[in-house]
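The values are calculated or read from the model by the stated rules, or taken from the named source; none is laboratory data. Predicted model, so just to flag it, every value in this text is computed and none were measured. So basically every Cβ, Gly included, is an ideal-geometry build from the backbone, and we count neighbours across all protein chains shown.
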Amino acid sequence: MEKHFSKERTLIVIKPDGIQRGLVGEIIGRYEKIGLKMIAMKMLVPTPEHIEEHYTLDPEWRRVTGEKTIASYKAKGEKPPTENPLEVTEKLLKNLKKYISSGPVLAMVWQGAHSVQLGRKLAGGTEPLTSDVGTIRGDYVLDSYAMSDTDNRSIRNLIHASGSIDEAEMEIKHWFEKAELIKHTIFQEKILYDVNLDGILE
């Protein structure tokens with residue numbers, strides 16, 4: 001039998017800029033209010049090696065991300081720095097390692113129905129400037145690809161959110177030991193998942 005939707009998990013990491021700007025409570029609140037359940041959390045300063053391993057858990061990440069980045073430049077009528085996807089991601093990864101290892105981060109595992117999709121939806125697009133109002137990045141950051149390219153740095157967008165269920169499972173194992181994932185029940189799960197709602201008046 002397949003796992004119920006309510007058992008889906010995702011990794012959310014509040015990056016150093018989110019910590020330094022005092023947005024931890026705001027970000028956690030977004031995920032709590034939609035009905036997800038936190039089952040693990042820890043603060044740490046990740047090493048550059050840990051960050052590189054995180055982004056390359058998927059062996060296709062370098063190529064796919066490079067191709068997407070090149071296509072994004074062209075869609076805006078701009079010339080990409082190179083036509084080689086691997087050269088693009090080499091620079092991107094170098095900047096990501098510097099950015100995310102620059103200070104403490106808060107790594108969290110959230111569980112609940114559609115947690116991966118909702119994690120991304122609440123986070124907003126990778127570029128804060130073009131993220132929708134109402135998303136974390138759209139509401140709390142003014143950064144853009146143009147500015148980060150000009151400054152030769154990674155875009156500062158507050159959080160990482162897993163992109164797929166498979167990716168989430170790989171990332172959770174990379175950041176957490178199995179024993180650190182806490183199995184527990186919260187009362188709101190009755191209203192979210194109880195099919196007959198027969199537990200309310202008992």
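What the table below lists for this structure:
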read-out	value
Residue ranges of helices (runs of 4 or more DSSP H) in region 105-169 with at least 2 members in contact with a Pro (Cβ under 7 Å, 6 or more places away or on another chain) and at pLDDT 95 or above	136-140
Residue match in region 60-70 (condition: under 21 Å from Asp151 (Cα atoms), modelled with pLDDT under 95 and more than 21 Å from the chain's Cα centre (by Cα))	yes
Residues of region 43-56 classified as in contact with an Asp or Glu (Cβ under 7 Å, 6 or more places away or on another chain) and surrounded by fewer than 15 Cβ atoms within 10 Å (Cβ to Cβ), total	0
Residues being crowded, with 17+ Cβ neighbours inside 10 Å and within 15 Å of His160 (Cβ to Cβ) - total across region 20-39	5
In region 18-53, residue nearest to Trp110 (Cα to Cα) [restricted to those that are in contact with a strand residue (DSSP E or B) (Cβ under 8 Å, 6 or more places away or on another chain), assigned to a helix (DSSP H, G or I) and touching a residue at least 40 places away in the same chain (Cβ under 8 Å)]	Tyr31
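For (1) within 29 Å of Thr82 (Cα to Cα); (2) of a type in the set (Ser, Thr, Tyr); (3) free of Cβ contacts under 8 Å to residues at least 60 places away in the same chain, each residue gets a yes or a no:
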{"residue": "Gly119", "(1), (2), (3)": "no, no, no"}
{"residue": "Tyr140", "(1), (2), (3)": "no, yes, no"}
{"residue": "Met147", "(1), (2), (3)": "yes, no, yes"}
{"residue": "Thr150", "(1), (2), (3)": "yes, yes, yes"}
{"residue": "Ser154", "(1), (2), (3)": "yes, yes, no"}
{"residue": "His160", "(1), (2), (3)": "yes, no, no"}
{"residue": "Gly163", "(1), (2), (3)": "yes, no, yes"}
{"residue": "Trp175", "(1), (2), (3)": "no, no, no"}
